[in-house]
Amino acid sequence: METYEQDSRLKTFLKTLRLKESTISMVLGALVVVVVGVLIYNYFANINRPEQPIVEEGVKLVEEEGELVPEALPTSHTVAAGEDLWKIAQTYYESGYNWVDIAKENKLVNANLIEVGQELTIPRTPVIKVEVASEPELSILETEYVVVKGDFLWEIAVRAYGDGYRWPEIYEANADQIADPNVIEVGQVLTLPR
């Protein structure tokens, strides 16, 4: 008897749910349309808006004896959570490379071991600017290439085609003289299919 009542209640609930199914679908569909509309509006509202620069108080550098030196130094700095010497040097010198000067000034035995709350002296030293020389482009334009020390098929493919994944083409074109694609000999003349 109890099972029959449970079945009856379940059937009644399912019938009610079916009647409301179209209403539920319509409400969910409308919700999706509204969310998509808001996303589209936000996208197009922000597309032509110029990016606002973040204004930070920069380090004022002065020139002394031909070198740039931060004006407000020397000073002291209390180490905060998440800081290391590189970040601290960037704050005061706009160059992380000056971490060495901070380590020397504070006679740190291990520059990686600074603690939150530790007081550091920030010395007045010239800003270290490192300029990275760009590597000259060594493109291979010919249809033949002579292997030099340190070459691999991948690197040759990058220089010849701009795509290292094309090394199998070089290997297949030279299969008669390359037994193992991982081993090429200095002085080998490779054909580069074009």
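The values are calculated or read from the model by the stated rules, or taken from the named source; none is laboratory data. Everything quoted here is computed from the prediction, not taken from an experiment. Cβ atoms come from the backbone with ideal geometry, glycine included; neighbour counts cover every protein chain shown.
Quick notes
- Scope segment 93-123; condition surrounded by 16 or more Cβ atoms within 10 Å (Cβ to Cβ), of a type outside the set (A, V, I, L, M) and modelled with pLDDT of 90 or more; matching residues: N98, W99, D101, N106, P123
- Residue in segment 38-47 that is in contact with a strand residue (DSSP E or B) (Cβ under 7 Å, 6 or more places away or on another chain) and either at pLDDT 85 or above or not hydrophobic (A, V, I, L, M, F, W, C) (or both) present: no
- Filter pass, E83 being outside any helix (DSSP H, G or I), modelled with pLDDT of 90 or more, on the phi < 0 side of the Ramachandran plot and under 24 Å from the mean Cα position of the chain (by Cα): yes
- Residue check for V109: closer than 16 Å to L61 by Cα, of a type outside the set (K, R) and part of a loop (DSSP other than H, G, I, E, B): no
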